[in-house]
Amino acid sequence: MNFQFYLEKLFASDEFKKFKKENKGAYLCSGFFSIDRQGKDNQQHLDFYIPLTKEMFSFQLENGELSQLKNYDERVPEKLKENLDFDFDEIENIIINKMKEENVNKQIQKLLFSLQKMKEKNFLIGTIFISGMGILKITIALDENKIIDFEKKSIFDMFKIIKK
């Protein structure tokens with residue numbers, strides 16, 4: 001699915017139109033995307049920051065709900081361009097190619113992405129769950145459409161075993 005599809009879906013909603021009318025300075029600042037390859041837990045959230053009130057709101061596209069984000073980092077988030085054009089299927093193919101390059105012979109089960117802008121650059125920061133209880137931590141520079149950070153971990157790496 002293409003990112004622009006989700007934006008168009010949001011912009012067409014009555015809830016968003018009302019939000020933008022009431023919050024003229026609000027801008028797109030982040031997004032969260034969950035792509036479940038084994039089940040149906042797909043989610044798309046687009047977040048908007050209101051500079052005047054220093055509040056952040058998230059639109060949950062899968063159910064049309066709007067919610068205020070209470071515990072977010074207090075830094076002023078950078079404004080994302082609304083004309084970003086990337087496709088999640090292409091992103092997945094980039095990940096699969098990198099997995100082959102790194103000799104990771106596992107199946108993708110679930111992809112979690114955070115869309116962010118830092119230092120004037122657009123990134124997808126991903127946590128990818130793979131078979132065999134593995135996790136891939138990746139960062140994709142969207143402006144170059146390439147992986148700039150790739151790390152394979154095991155669920156067991158998350159637990160530290162302390163010997164007595």
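The values are calculated or read from the model by the stated rules, or taken from the named source; none is laboratory data. Computed from a prediction, not measured in an experiment: that's the story for all the values here. Every residue, glycine among them, receives a Cβ derived from its backbone with ideal geometry; neighbour counts consider all protein chains shown.
I'm checking my understanding of the structure. Among residues of segment 10-38 that are outside any loop (DSSP other than H, G, I, E, B) and among the small types (Gly, Ala, Ser), which one is farthest from residue 79 (Cα to Cα)? I'd like the intermediate steps shown before the answer.
Going through segment 10-38, the residues outside any loop (DSSP other than H, G, I, E, B) turn out to be 10-11, 14-22, 27-36.
When the remaining residues are screened for being among the small types (Gly, Ala, Ser), the result is 30-31, 34.
Numbers: 30: 8, 31: 12, 34: 22 Å.
In this case the residue turns out to be 34.
One residue is enough: does segment 13-26 have a residue meeting the conditions in contact (Cβ under 8 Å) with a residue 24 or more places away in the chain, under 27 Å from residue 149 (Cβ atoms) and of a type outside the set (Ser, Thr, Tyr)? Checked against the condition, which is being in contact (Cβ under 8 Å) with a residue 24 or more places away in the chain, under 27 Å from residue 149 (Cβ atoms) and of a type outside the set (Ser, Thr, Tyr), segment 13-26 yields no hits at all.
Scanning segment 39-61 for residues that are closer than 23 Å to residue 110 by Cβ and either in a strand (DSSP E or B) or at pLDDT below 90 (or both) yields 39, 40, 41, 43, 44, 45, 46, 47, 58, 59, 60.
Assessment of segment 94-114 against the conditions (at pLDDT 95 or above, among the aliphatic types (A, V, I, L, M) and touching an Asp or Glu at 6+ places or on another chain (Cβ under 8 Å)) yields at least one matching residue. Counting only strands (runs of 3 or more DSSP E) that fall entirely inside segment 63-164 and contain at least 2 residues that are among the small types (Gly, Ala, Ser) and either out of contact with any His (no Cβ under 6 Å at 6 or more places or on another chain) or exposed (fewer than 10 other Cβ atoms within 10 Å of the Cβ) (or both), the qualifying elements are 134-141.
Here is the figure for segment 49-62: residues that are out of contact with any Asp or Glu (no Cβ under 9 Å at 6 or more places or on another chain) and surrounded by 16 or more Cβ atoms within 10 Å (Cβ to Cβ) total 2.
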